[in-house]
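The values are calculated or read from the model by the stated rules, or taken from the named source; none is laboratory data. Bear in mind the structure is a predicted one, so any value in this text is a computation, not a measurement. Cβ sites come from the backbone with ideal geometry, for glycine too, and all protein chains shown count toward neighbours. These area figures cover heavy atoms from the full protein model, side chains too; ligands, DNA and RNA do not enter into them. Shrake-Rupley method; radii C 1.70, N 1.55, O 1.52, S 1.80 Å.
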Amino acid sequence: MNLNNTSTDFTPSLISPSIPSSLFIQGEPLKLGIMASGSGTNFEAIARAIADKQLNAQIQVVIYNNPEAKVAAKAEHWQVPAVLINHRNFKSRKDCDTQIVETLRHHQVEWVVMVGWMRVVTPTLLDAFAKRVINIHPSLLPSFKGLGGVEQALAAGVQITGCTVHIAVPEVDSGPILIQAAVPVLPDDTPETLHDRIQVQEHKIIVAGIALAAAQSADW
């Protein structure tokens, strides 16, 4: 386990399993497809880790479902193709996921990484990339699944929360856990302050989670 101090507030966080000193896996780069609905800070953490040669991967495409999502501009900055697939234009989740799968395959994606994807995905996507869909959630799963994980933690009065990277399965925010980071809840925390501190840890464990998934996949 690692006891890490965040760069912004110096409150301790516990990460388990420990992040390896080197996340770089030899061989062909992992071909990633990123799915995001919002600001794209986790996408940027992944892109930066790749640029710094901490992660042997390349981002083939970013898919976003919100026309106002800031991740599109971040993708442009990193010269990664970004494709808007607005779920509002489809009659069903399955139809939307069918289009997502077609887009991912067109861009030769091997691993799908959901970073703040604010939609429930269907077996259409999960079966197309069996055991290769990674999700990050702002809680210590199995606690506080679904929307508002940070707000749920505050409402429950817990003293510790955090974030989890896991393999996605049909049940929301379930599936094999790859790595977690625990973050203390401070007495004066608001949803915004707690979210910001959790997000610092998300940027660490999303990169580690991708590397761990790739390393462990041979045993699945």
May I ask you to compute the full-extension gain from D52 to L154, defined as 0.36 nm times their residue separation minus their alpha-carbon distance, rounded to one decimal in nm?
33.2 nm
Checking H77, H107, H137 against a Gaussian network model of the chain (alpha-carbon springs below 10 Å), the top fluctuating residue turns out to be H77
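Relative contact order of region 74-185: what whole-number percent is it, with Cα pairs under 8 angstrom and at least 6 residues apart?
Values: 155 pairs, mean separation 22.4, N = 112.
Relative contact order for region 74-185 comes out at 20 percent.
About the Cα centre of region 70-183, what is the dipole size in debye to 20, counting +1 per Lys and Arg Cβ and -1 per Asp and Glu Cβ, all else neutral? Please report the intermediate quantities before stating the final value.
Numbers: 11 positive and 9 negative charges, 33 e Å.
My answer is approximately 160 debye.
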Quick one: Karplus J couplings for region 151-162, per residue in order, coefficients 6.51, -1.76, 1.60, θ = phi - 60°, nearest Hz, x for Gly and Pro?
5, 4, 5, 5, 5, 7, x, 5, 8, 9, 9, x
Short version: ³J(HN,Hα) in whole Hz for each residue of region 114-130, in order, from phi by Karplus 6.51 cos²θ - 1.76 cosθ + 1.60 (θ = phi - 60°), x for Gly and Pro, what are they?
9, 10, x, 7, 8, 9, 7, 8, 9, x, 4, 7, 5, 6, 5, 10, 4
When a/c reaches 1.5 or more, the comparison of a/b and b/c decides; with that in mind, is region 5-153 rounded, prolate or oblate per its Cα gyration tensor?
oblate
Please report, as a whole percent, how much of the solvent-accessible surface of region 96-172 comes from carbon and sulfur atoms (probe radius 1.4 Å).
55 percent
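When a/c is below 1.5 the answer is rounded, else prolate if a/b is larger than b/c, else oblate, so apply that to region 180-220 with a ≥ b ≥ c taken from the square roots of the Cα gyration tensor eigenvalues. Don't jump to the answer; show the numbers that get you there.
Details: a/c = 5.04, a/b = 3.33, b/c = 1.51.
Prolate.
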Using amide H atoms built in the peptide plane, which far-off residues or other-chain residues are under 5 Å from S37 H to H?
W117, M118
Give me the 1.4 Å probe accessible area per residue for region 92-220, excluding ligands and nucleic acids, in Å².
44 Å²
Mean residue ellipticity at 222 nm from the helices of the chain, using -39,500 (n - 2.57) per DSSP H segment of n ≥ 4 over the full residue count, to the nearest 500 deg cm²/dmol?
-10000 deg cm²/dmol
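Suppose we keep just the DSSP beta bridges with both residues in the chain; what percent of those would be antiparallel, to 5?
Working: 18 of 36 bridges.
About 50 percent, rounded to the nearest 5.
List the relative contact order of the chain as a percent without decimals, with contacts defined as Cα pairs under 8 Å and 6+ residues apart. Intermediate values should be presented prior to the final figure.
On the way: 424 pairs, mean separation 46.9, N = 220.
So the answer I get is 21 percent.
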For region 151-220, just say rounded, prolate or oblate: build the C-alpha gyration tensor, square-root its eigenvalues into a ≥ b ≥ c, call rounded for a/c under 1.5, and beyond that prolate if a/b exceeds b/c, oblate if not.
prolate
Pick from P187, P138, P170: which is most flexible by mean-square fluctuation in a GNM of the chain where alpha carbon atoms under 10 Å apart are linked?
P187
Which one of V109, N86, T190 has its Cα pushed farthest toward the positive end of the charge dipole of region 48-205, where Lys and Arg give +1 and Asp and Glu give -1 at the Cβ?
V109
For a quick check: with amide H placed at 1.01 Å from N, whose amide H comes under 5 Å from V61's, ignoring anything fewer than 5 positions away on the same chain?
I34
³J(HN,Hα) across region 172-178 via Karplus (A = 6.51, B = -1.76, C = 1.60, θ = phi - 60°), whole Hz, x for Gly/Pro?
4, 6, 10, x, x, 7, 9
Tally of Lys pairs whose C-alpha atoms are under 30 Å apart, taken over the chain, 8 or more apart or cross-chain
29
With angles folded into 0 to 90 degrees, how steeply does helix 41-51 sit against the dominant principal axis of the chain? Use alpha carbons for both and round to 10.
80 degrees
Taking amide H positions as placed 1.01 Å from N in the peptide plane, with prolines and chain starts having none, which residues 5 or more places from L30, or on another chain, fall under 5 Å of its amide H?
A57, Q58
With springs only between Cα atoms under 10 Å, which of D173, D52, D95 fluctuates most in a Gaussian network model of the chain?
D52
Please give the Cα centre distance for region 54-86 versus region 137-187, rounded to the nearest Å.
25 Å
